[in-house]
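Okay, so here's the structure we're looking at.
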Amino acid sequence: NKQLSNLANLVLLYTFKMEKNNFMKSMKEENIKGNLDRLPTVLVTGFGPFRNHSENSSWLTVKELLNLNITDFNIIAKELPVEYEFVSKAVPELWEKHKPKLVVHCGMSEQARCITLEKVAYNADYHGCDIKGQVPQLNSCCENGPEKLSTAIDIDSVLEDVASSEVCVKAVASENAGRYLCEFTFYTSLKVNRNAAFVHVPPINQPYSARAMAQALALIISSMLKQIKNS
């Protein structure tokens, strides 16, 4: 009887510990979910292959961003095909679906040798064909739209944060995003919400790795979110 009593006590103790562990695990998962819910959501896009580039450094950089231990914002990453028609529909839909605090579009610049933050996007003069051989109607982002749209983000302030950080990547500003899918995407996004940014990255290892550019991108996003929070 004594042995049975001891066995019963052990079973009760084991059951209690298991229930406690399950409860603590459940609490931890709820806390994690709660923290994620409180963090700002950032939509980050990169482009797919185009011309003679089987891989696009912008999407490789965005994918690498997902591998970083980022704790101050949630990331929703989307790869966009280099197609005017797709972008014109998808970008407003992504804003509506995810309701992000900030949208950061990334694109590859074959000429760039540093990260470039774009300040403005123009509506007209889009003559370069996309991967389907198409150009936008009237060679513009939207009929009767403003000549140009500017981001609400203070780009110069973001550049100061990058320069004073420990990331080994140079960043500069630009007011000419190239009149191709990059600028078309930027304008389309700004038309929805001015809390949008465009970041041009150079090809991989010319001179920065995807990892280094992703680390710089994380810092850039944090700097932009700080502005939005304080605005």
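A few notes on this one:
- For SER57, the shell of other residues with beta-carbons less than 11 Å away shows a net charge of -2, using +1 for Lys and Arg and -1 for Asp and Glu.
- Of LYS89/LYS119; LYS119/LYS226; LYS89/LYS148; LYS97/LYS170; LYS99/LYS132; LYS63/LYS226, pairs whose Cα-Cα distance is over 26 Å: LYS97/LYS170; LYS99/LYS132
- Charge context of THR41, other residues only, Cβ under 9 angstrom, K/R +1, D/E -1: +2
- Using a Förster distance of 41 Å, the FRET efficiency for ASP154-CYS129 (Cβ separation, nearest 0.05): 0.75
- With both labels modelled 7 Å from their Cα along Cα-to-Cβ, the LEU39 to HIS53 distance reads 2.8 nm.
- Listed residues CYS106, CYS168, PHE86: farthest to the positive end of the dipole of the stretch 77-168 (Cβ charges): PHE86
- Other residues lying with their Cβ under 13 Å from the Cβ of LEU190 contribute a combined charge of +1, Lys and Arg counting +1, Asp and Glu -1.
- Low-density loop positions, chymotrypsin sites (Phe, Trp or Tyr not before Pro), the stretch 144-231 - DSSP coil, at most 16 other Cβ in 10 Å: none
- Cleavage-rule hits (GluC sites (Glu not before Pro)) in the stretch 135-194: DSSP loop, at most 12 neighbouring Cβ within 10 angstrom: GLU143, GLU147, GLU166, GLU175
- Label positions at CYS114 and LYS97, each projected 7 Å from the Cα along the C-beta direction, are separated by 3.6 nm.
- Per-residue Karplus couplings for the stretch 79-93, computed as 6.51 cos²θ - 1.76 cosθ + 1.60 with θ equal to phi - 60°, are listed in order as 9, 9, x, 7, 9, 4, 4, 4, 4, 4, 8, 5, 4, x, 5 Hz, Gly and Pro entered as x.
- Top positive-direction residue, dipole computed over the stretch 158-231 with Cβ charges, set CYS182, LEU217, VAL192: VAL192
- Net charge dipole size for the stretch 84-231 [Lys, Arg +1 and Asp, Glu -1 on Cβ; Debye, nearest 20]: 380 debye
The numbers here are math on the coordinates, done by the rules we state, and not lab data. Since we're looking at a predicted model, the values are computed, not measured. In this analysis, Cβ positions are derived from the backbone assuming ideal geometry, glycine residues included, and neighbour counts consider all displayed protein chains.
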